[in-house]
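First comes the structure, then the notes that go with it.
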Amino acid sequence: MMNRLTIDNRKTAKPLSVQNTDRIKDKGFGDTFNRAVKKVNDLLNNADNSIEQVVNGNLGIQEGMLNIWKADTSLRLLLQARNKALDAYKEIMRMQF
C-alpha cells in the first residue's frame, strides 16, 4: 500500500538526463561502416583466440563456441549490410538524371 509521502515523491522525481559527451560524431555512412568492420574484425580475432584457448584447456567449450557464434553472426550481418548498400548504389547509378 502506498502512503501519501511515496506518491508525492514520485511527482517531484525528475528523469535522469543522459550525457553523451564521449559519443563519436558520425561523419557519414562510411565512418559507421568502418567502425562496424573494425568491430567484426575484433570479434573474429577473439574467436580465433578462443579456439586456441579451448585447445589448450584454458577456456571452456561453451565459451569458445559462444565467441565463434558471435563472430559468425556479426560477419553475416555485416555482409548483408554491405550487400544492401551495394544494391542501393547500383540502383542510384541506374537512375536517369
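The values are calculated or read from the model by the stated rules, or taken from the named source; none is laboratory data. All values reported here derive from a predicted model rather than from experimental measurement. We place every Cβ from the backbone using ideal geometry, glycine too, and count neighbours over all the protein chains shown.
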Check your understanding: Which one of these is in a helix (DSSP H, G or I) and surrounded by 13 or more Cβ atoms within 10 Å (Cβ to Cβ): ASN46, ASN83, ASN34?
Key -> ASN46
Review point. So LYS27 clears everything in (1) more than 13 Å from the chain's Cα centre (by Cα); (2) modelled with pLDDT of 95 or more except one condition, right? Which one?
Key: (2)
Review point. Which of the residues that make up the range 54-71 are assigned to a helix (DSSP H, G or I) and crowded, with 16+ Cβ neighbours inside 10 Å?
Key: VAL54, GLY64, ASN67, ILE68, LYS70, ALA71
